[in-house]
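Beneath this line is the structure, given in structure tokens, with notes to follow.
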Amino acid sequence: MKYYYARVSSESQNLDRQVEYFKELGANPRTIFQEKRSGKNFENREVWNELLTEWIKEGDTIVVKNLDRIGRNAKEVRECLIDLAQKGVTVESLDQAYLNDFLRENLIDKEADSLAEAMLNVMLDTMLQVDLLRAEWERKELRKRQLEGIERALAKGVKFGRTKNDEFRQKFNEIYPLTRDKDNPNYLPVKDAIKAIGCSKAMFYKLIDEKGQK
């Protein structure tokens, strides 16, 4: 039985490209497992873990678009591939088809009938490790560039974190009750409350609507 696994790293990313690719290959939608989780490690990978523990059995195959869909940690992914091979489960990569025969037949048994075959097995195993390390390196480089971009933005005065509307809401929650009771010695007319909050009149009444009060 063939199962297909598609993964992206965050909710904002789209799985459609991987899923459509699998369908073009004839995959039954019921055999396509989709997940939006980081590939940094195997923690909180509910769909992947469900596939391995509840669906996969000896003789089955897991198809991925690229081996980095399994994960981004080279050491952990290789250990996972070996563990699956020892259980009789094959992994196929569409982008790394040149490795599929090796993953299916020689990953855990590198015995060879000739020097040429032995050298080929070593070469393919090295290529596997290089591909996995490249994916891990790319993840680290992406994170590095993101941090550098944030640092440059901060140096230019760009602010991250809470939005202006969040600040308005916080001030509104503190000041709005003072507009409700004219007998309160700290009573504020609406006009003064708007000025104290620093928002527009439209924003003020929008916040009132959000609060569900008149």
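The values are calculated or read from the model by the stated rules, or taken from the named source; none is laboratory data. The model shown is predicted, which means the values in this text are computed figures rather than measured ones. Here Cβ is always computed from backbone atoms with ideal geometry, including for glycine, and neighbour counts include all displayed protein chains.
Summary table
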item	result
Filter result for Leu25 (assigned by TED's automatic domain parsing to the domain that holds Leu103, within 22 Å of the chain's Cα centre (by Cα) and closer than 16 Å to Thr90 by Cβ)	no
Filter result (closer than 18 Å to Gly39 by Cβ and surrounded by fewer than 18 Cβ atoms within 10 Å (Cβ to Cβ)) within segment 56-79	Asn66, Lys75, Glu76, Glu79
Among (1) without any contact (Cβ under 8 Å) to a residue 24 or more places away in the chain; (2) touching a Phe, Trp or Tyr at 6+ places or on another chain (Cβ under 9 Å), the one test that Arg30 misses	(2)
Condition broken by Glu141, with the remaining ones in (1) part of a helix (DSSP H, G or I); (2) at pLDDT 75 or above; (3) more than 21 Å from the chain's Cα centre (by Cα) satisfied	(3)
Any hit, segment 117-133, residues being modelled with pLDDT under 80, assigned by TED's automatic domain parsing to the domain that holds Leu67 and part of a loop (DSSP other than H, G, I, E, B)	no
Verdict on Asn165 being farther than 30 Å from Arg37 by Cα, surrounded by 11 or more Cβ atoms within 10 Å (Cβ to Cβ) and at pLDDT below 80	no
Condition met for Lys191 (modelled with pLDDT of 80 or more and either part of a loop (DSSP other than H, G, I, E, B) or charged (D, E, K, R) (or both))	yes
When residues of segment 14-40 are limited to those that are closer than 14 Å to Gly71 by Cβ and out of contact with any Gly (no Cβ under 7 Å at 6 or more places or on another chain), the one modelled with the lowest pLDDT	Lys40
Subset of segment 1-45 that is among the acidic types (Asp, Glu) and under 21 Å from Glu136 (Cα atoms) - its residue that is surrounded by the most Cβ atoms within 10 Å (Cβ to Cβ)	Glu35
Condition met for Ala202 (closer than 15 Å to Asn165 by Cα and exposed (fewer than 11 other Cβ atoms within 10 Å of the Cβ))	yes
